[in-house]
Amino acid sequence: MNWYSVQAIYRTEMSRMMRTVVQSIVAPVLSTSLYFVIFGAAIGSRITEIDGVSYGAFIVPGLIMLSIMTESISNSSFAIYFPKFSGTIFELLSAPVSWAEIVLGYVGAAATKSVIIGGIILGTASFFVEINVAHPAIMLLFLVLISVSFSLFGFILGVWADGWEKLTIVPILVIMPLTFLGGTFYSISMLPEFWQKLSLFNPIVYLISGFRWAFYENADVAIGLSLGMVIGFLAICLGVVWWIFKTGYRLRA
Amino acid sequence: MQPVISIRDLTKTYAGGFEALKAVSLDIDKGEIFGLLGPNGAGKTTMINIICGIVTKTSGTVTVNGHDNESGFRETRGCIGLVPQELPTETFETPYNVCRFSRGLFGKPPNPDHIEKVLRSLSLWDKKDTKIINLSGGMKRRVLIAKALSHEPDVLFLDEPTAGVDVELRQDLWRVVQSLRESGVTVILTTHYIEEAEQLADRVGVINHGEVIVVEEKNKLMRELGKKELVLHLADPIDAIPPGLDGYHLELGADGSELTYHYDTKSDHTGITALLSALHKTGIRFNDLQTSQSSLEEIFVGLVNKER
Ligand SMILES: Nc1ncnc2c1ncn2[C@@H]1O[C@H](COP(=O)(O)OP(=O)(O)OP(=O)(O)O)[C@@H](O)[C@H]1O
Ligand SMILES: [Mg+2]
């Protein structure tokens, strides 16, 4: 392991994010507050409780998931797409670094930022509702694993994309709908049976359910299954990234 | 001497099916400055990019300091610095930061003194904290060179470093290359400016249509350059060169009215006086004469055209 290389990538990526630190912090704080106003106050006054948890508190894990998924994808996809687009990637390709070091640097930085944002949202939310985390260690485990796997996914997206549209279209067309339909704002047990069954094909249901379990010990699917899904997704993304560097797919002519 | 870079039967066929390199073999000696010449699209950048790991080879082998450039990529890439031909549009980073990044990326521990030395040698020190996006094109190129030098490479590739730069940068660069040579760094330089190769290179290689067509000591090429030819336009055409002129290796022009004599301006005797008196003895008269000299450029163009 070439730690100087990993450190160089990680530090540069972190400082790039720090340059936009105001947006990075203000944006999630603002959007979380808005969600609370709209969903928590407006809808929450009608739906008082889900599975014994107040509606405002119920949506917190989903909101955190929503943000860290989109942030992870956009940060790491941009991090690798931009050098590809601008041509500075030549340096990365000609450096004595293995794929593991490159990924550790880029994905590590993107995931770090997501975890920080997750913390900020949790902090903001605690001003609005009372939140108890039943299993902090598992909550943190989910937070980190999901940040890392979606950052890996974003990395793949950034390598694959050959234009700015593709970079933005996947998060909007695929990730957003799956997240909204994945139980961010409701428990899938509230759905008619057909839609419940269909929801089980949405991988994000498992992630949100597991994460919510760490908070309130209620879940749509078994916690073990959720954890398995997260690890499975992580493994698939790792495999794809390994393959990308092995074959040079869209990186080396 | 063990070559620092050894290329054997290297081929590259791009995804579209275009064959950019056809069985190239080439050795670069340690500590030399190698000038790589060739017209646009010859395959110079392709070859460099394969050695550096940016492009994958189709077949053949490349070794750097005895390590294979794929299986031993850490060893080979670690000792190579590359200044690419294309100027990447850089970001909001500063020259100092990108140099520090490059050094770290290549696995070297931080060394601010070295980075300062490099930036000063390229007259970049007073711009070290300016955002690269606000620098001029020539300055951006200096930054690329500084990046490549910041990790102290043993081998430096300069892919057309002086294309579109002013005289000052060119001279800065030539100075940097000379001082690198003194410290034992091997430099491979591609250029379209022949005088740059003349000025800097120990050896020159010419590549065309993906094939190396000549590799030669520059001095030997320069000796070629010292050769001149004397063309005599004869008053009356002749059928054959008379026996009295045998020793001069003359060439008789197609229609028998031109005699060409090759001589070396750098030798002690050009033999012109003797030739003229010998001509007088044989009774051949001429009504005009001209001399001409081939430049490295002509040698180069001649080589490239012969290939077509
Ligand atoms: N990524 C690529 N895909 C397909 N063909 C390519 C690619 N890169 C280069 N080529 C082709 O390979 C040939 C060699 O290109 P290369 O860039 O190596 O030439 P060069 O000798 O560096 O030329 P120049 O003096 O213009 O820089 C060219 O015909 C070019 O069009
Ligand atoms: Mg080129």
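Yes or no: B:R181 away from ligand 1 (no atom under 16 Å from the Cβ), modelled with pLDDT under 90 and away from chain A (no Cβ under 14 Å)? Full working, then the answer.
On the way: away from ligand 1 (no atom under 16 Å from the Cβ): yes; modelled with pLDDT under 90: no; away from chain A (no Cβ under 14 Å): yes.
Here the answer is no, as B:R181 does not meet what is asked.
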With (1) more than 19 Å from B:E32 (Cα to Cα); (2) part of a loop (DSSP other than H, G, I, E, B) as the list, and B:P161 as the residue in question, which single condition is left unmet?
-> (1)
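To keep it simple, each residue is scored yes or no on (1) over 16 Å from B:L82 (Cα atoms); (2) surrounded by fewer than 21 Cβ atoms within 10 Å (Cβ to Cβ); (3) within 8 Å of ligand 1 (Cβ to nearest atom).
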| site | (1), (2), (3) |
| --- | --- |
| B:Y14 | yes, yes, yes |
| B:G17 | yes, yes, no |
| B:L26 | yes, yes, no |
| B:I33 | no, no, no |
| B:G38 | yes, no, yes |
| B:G41 | yes, yes, yes |
| B:M47 | no, no, yes |
| B:I50 | no, no, no |
| B:G53 | no, no, no |
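For (1) surrounded by 19 or more Cβ atoms within 10 Å (Cβ to Cβ); (2) closer than 16 Å to A:F58 by Cβ; (3) modelled with pLDDT of 90 or more; (4) among the basic types (K, R), each residue gets a yes or a no:
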site	(1), (2), (3), (4)
A:M190	no, yes, no, no
A:W195	no, no, no, no
A:L198	no, no, no, no
A:I204	yes, no, yes, no
A:W213	yes, yes, yes, no
Could you please let me know if B:T58 is surrounded by fewer than 21 Cβ atoms within 10 Å (Cβ to Cβ) and without any contact (Cβ under 8 Å) to a residue 60 or more places away in the chain?
-> yes
Test A:E13 against the criterion of being in a helix (DSSP H, G or I), out of contact with any strand residue (DSSP E or B) (no Cβ under 7 Å at 6 or more places or on another chain), charged (D, E, K, R) and within 14 Å of another protein chain (Cβ to nearest Cβ), and give yes or no.
-> yes
Residue count, region A:64-100, condition of a type outside the set (D, E, K, R), under 26 Å from A:T168 (Cβ atoms) and buried (at least 24 other Cβ atoms within 10 Å of the Cβ), comes to 11
Could you say which residue among B:D129, B:D172 is away from ligand 2 (no atom under 16 Å from the Cβ) and either outside the structural domain of B:L36 (by TED's automatic domain parsing) or not in a helix (DSSP H, G or I) (or both)?
-> B:D129
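If you check A:V60 against the conditions, is it more than 30 Å from B:G78 (Cα to Cα), more than 14 Å from every other protein chain (Cβ to nearest Cβ) and more than 20 Å from the chain's Cα centre (by Cα)?
Numbers: more than 30 Å from B:G78 (Cα to Cα): yes; more than 14 Å from every other protein chain (Cβ to nearest Cβ): yes; more than 20 Å from the chain's Cα centre (by Cα): no.
Here the answer is no, as A:V60 does not meet what is asked.
Do the conditions hold for B:T45, that is, is it of a type outside the set (D, E, K, R), assigned by TED's automatic domain parsing to the domain that holds B:T130 and in contact with a strand residue (DSSP E or B) (Cβ under 9 Å, 6 or more places away or on another chain)? So that I can check it myself, show each step before the final result.
Numbers: of a type outside the set (D, E, K, R): yes; assigned by TED's automatic domain parsing to the domain that holds B:T130: yes; in contact with a strand residue (DSSP E or B) (Cβ under 9 Å, 6 or more places away or on another chain): yes.
It is true that B:T45 is of a type outside the set (D, E, K, R), assigned by TED's automatic domain parsing to the domain that holds B:T130 and in contact with a strand residue (DSSP E or B) (Cβ under 9 Å, 6 or more places away or on another chain).
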Being open to solvent by 20 Å² or more (accessible area, probe 1.4 Å) and within 10 Å of ligand 1 (Cβ to nearest atom), is that true of even one residue in region B:72-85?
-> yes
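Restricted to region B:12-31, and to residues that are within 14 Å of chain A (Cβ to nearest Cβ) and under 13 Å from B:G60 (Cβ atoms), which residue is nearest to ligand 2 (Cβ to nearest atom)?
Within region B:12-31, the subset within 14 Å of chain A (Cβ to nearest Cβ) is B:12-21.
Those still in the list that are under 13 Å from B:G60 (Cβ atoms) too: B:12-13, B:19-21.
Details: B:K12: 13, B:T13: 18, B:E19: 16, B:A20: 11, B:L21: 13 Å.
This residue is B:A20.
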Is there a residue being closer than 21 Å to B:L158 by Cα and among the basic types (K, R) anywhere in region B:220-227?
-> no
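In region B:136-153, is there at least one residue being open to solvent by 50 Å² or more (accessible area, probe 1.4 Å), over 18 Å from the mean Cα position of the chain (by Cα) and modelled with pLDDT of 95 or more?
Restricting attention to region B:136-153, the residues satisfying the condition of being open to solvent by 50 Å² or more (accessible area, probe 1.4 Å) are B:136, B:140, B:152.
Subsequent filtering for residues that are over 18 Å from the mean Cα position of the chain (by Cα) retains B:136, B:140, B:152.
With modelled with pLDDT of 95 or more added as a condition, the list becomes B:152.
Yes, region B:136-153 contains a residue that is open to solvent by 50 Å² or more (accessible area, probe 1.4 Å), over 18 Å from the mean Cα position of the chain (by Cα) and modelled with pLDDT of 95 or more.
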Scanning region B:70-105 residue by residue, those at the interface with chain A (Cβ under 7 Å from one of its Cβ atoms) and among the basic types (K, R) turn out to be B:R74, B:R77
Take A:A134 and decide whether it is aliphatic (A, V, I, L, M) and open to solvent by 40 Å² or more (accessible area, probe 1.4 Å).
-> yes
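Here is a yes/no grid of residues against (1) open to solvent by less than 40 Å² (accessible area, probe 1.4 Å); (2) assigned to a loop (DSSP other than H, G, I, E, B):
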site	(1), (2)
B:I241	no, yes
B:G256	yes, yes
B:H269	no, yes
B:L275	yes, no
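Run down B:L169, B:L252 and say which single residue is open to solvent by less than 40 Å² (accessible area, probe 1.4 Å), away from ligand 1 (no atom under 16 Å from the Cβ) and touching a Ser or Thr at 6+ places or on another chain (Cβ under 9 Å). Let's see the steps before the verdict.
Numbers: B:L252 fails: open to solvent by less than 40 Å² (accessible area, probe 1.4 Å).
Of the residues listed, the single one that is open to solvent by less than 40 Å² (accessible area, probe 1.4 Å), away from ligand 1 (no atom under 16 Å from the Cβ) and touching a Ser or Thr at 6+ places or on another chain (Cβ under 9 Å) is B:L169.
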Of the residues in region A:182-193, those that are hydrophobic (A, V, I, L, M, F, W, C) and touching a Leu at 6+ places or on another chain (Cβ under 9 Å) come to A:F185, A:I188, A:L191
Filter pass, B:G107 being part of a strand (DSSP E or B), more than 13 Å from ligand 1 (Cβ to nearest atom) and open to solvent by 10 Å² or more (accessible area, probe 1.4 Å) | no
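The values are calculated or read from the model by the stated rules, or taken from the named source; none is laboratory data. Small disclaimer: the values here were computed from a predicted structure and weren't measured. Counting neighbours? That spans all protein chains shown, and the Cβs are built from the backbone with ideal geometry, glycine included. To get the accessible areas, we keep the full protein, side chains included, count just its heavy atoms, and leave off ligands, DNA and RNA. Shrake-Rupley method; radii C 1.70, N 1.55, O 1.52, S 1.80 Å.
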